[in-house]
Amino acid sequence: MIRVLVAEDQSMVRGALRALLELEEDITVVAEVGRGDEVLAAAREHSPDIALLDIEMPGADGLEAARQLAAELPAVRAVVLTTFGRPGFLRRAMEVGAAGFLVKDAPVADLARSIRAVVAGERVIDRELAAAALAIGATPLSAREADVLREAADGATVADIARRLFLSEGTVRNYLSSAIGKTGARTRVEAARVAADKGWL
């Protein structure tokens, strides 16, 4: 029996995933959590084979949860299941050790097959997303440019960003200017939106 932990912040979606997976004869859901920062503790307690992780959750996102599992409980294979079919997210998921990356609108039969494949030692990735990731390539943003754009996303001022990141205002302006150029945007808020849409943040 394949033991699955479901991490999804929307209770209705979480319940639906559980109900659908429980219809499979060889899959059982042993735990459910609604926050990313609850994944590691639940995995320690219930010893799942697979952790199905949504990307956007309170506490910690699914990518951070996948990183924690890979570092501390490598026997638990992380599969990112998301509505955000963005190539940058796929690349980041692979970098943190996820064994799979699937979009939520795939048929449940595909999800069950993917779970079995991951348990068998395979890496499973949505084909269309993999092709898009190869076409786009890696993020052009440096780590610091990404940090600054994250802070700028909600309209924070240069002074606010400098204070939060312990940088000078001139350095923040330089990073913002570079990031705006790399994303092809006109403003820092637009640059943050473009980078988020591509999964670079």
Degrees, to the nearest 10: 11-22 long Cα axis against longest axis of the chain: 40
Relative contact order [Cα under 8 Å, 6+ residues apart], the chain, whole percent: 15
Stokes-Einstein D for the stretch 1-74, Kirkwood Rh over Cα pairs, 20 °C, 1.002 mPa s (µm²/s): 178
Lys/Arg +1, Asp/Glu -1 at C-beta; the stretch 1-94 dipole; positive extreme among Leu52, Gly62, Leu90: Leu90
Residue-span extension gain [Phe166 to Ala71] - 0.36 nm each, minus C-alpha spacing: 31.3 nm
Helix-derived mean residue ellipticity, 222 nm - over the chain, DSSP H n ≥ 4, -39500 (n - 2.57), to 500: -15500 deg cm²/dmol
Extension gain (nm, one decimal) between Glu122 and Ala19, 0.36 nm per residue minus Cα-Cα: 34.6 nm
The chain - accessible surface per residue (Å², probe 1.4 Å): 49
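The values are calculated or read from the model by the stated rules, or taken from the named source; none is laboratory data. The structure displayed is predicted, hence computed values, not measured ones. Methodologically, a virtual Cβ is constructed for each residue, glycine included, from the backbone with ideal geometry; neighbour enumeration extends over all protein chains shown. Note: areas computed on protein heavy atoms with side chains; ligands, DNA, RNA excluded. Shrake-Rupley method; radii C 1.70, N 1.55, O 1.52, S 1.80 Å.
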